[in-house]
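What follows is a short report on a single structure.
Just so you know, all these numbers are worked out from the coordinates, no wet-lab data involved. Note that this is a predicted model, so its numbers are computed, not measured. Here the Cβ positions follow ideal geometry from the backbone for every residue, glycine too, while neighbour counts run over all protein chains shown.
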Amino acid sequence: MRAGVAAAVVGAVLLALPAGAGAQGLDTTCQFSLTRLDASTTNVLALDTNAVYWGGTYAGLPGTRIRIEGEYPHARYMSWNLYDSAARPIDALSDHQLAAGPVGGYTAFIEFGPRPASPAPNTLYSGDSRGGTFLYRVYVPDRGQDAKGGVPLPKVSLEPAGGAGGAPGLDACRELQAP
């Protein structure tokens, strides 16, 4: 029953997300926009009124990965969740699983492909799914903090797989967000 409710919620999120900026003809320089989803903006996730969600859609491009750079929110809990295009959960990382970077924030990745026997730290894997949705969840921000837990939203961008440097190219950037 719980899995069915979760699938229905994610399916509704997929419908609530706007088309990617790339699909609208905007140059996003390989950056994803995060759309806020919560009880004050849509009734999709009203099942949990203590959480605020931001989501984006993606299309996995060979030779690329998604890079997430963020700060830990001042909140009870934070997580990243990955779903395939049929709204089935694929992978997740919660705050206690994310190793901090040298300046106190974190960097995480979404790799397109199966989870290896020894997964890389701070990494979500898409399995055989070539596209879907990722959700960023902030649960119960600390008293006096905004819905983001007092920190900016994470920066989510496309880069060459393995952090090879350079940009993936304009054509890849235009294709990175699923319609």
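Model label points for Ser85 and Val103, set 7 angstrom from Cα along the Cα-to-Cβ axis, are 3.7 nm apart.
Two numbers describe the Cα atoms of segment 65-111: Rg and Dmax, which are 11.7, 37 Å.
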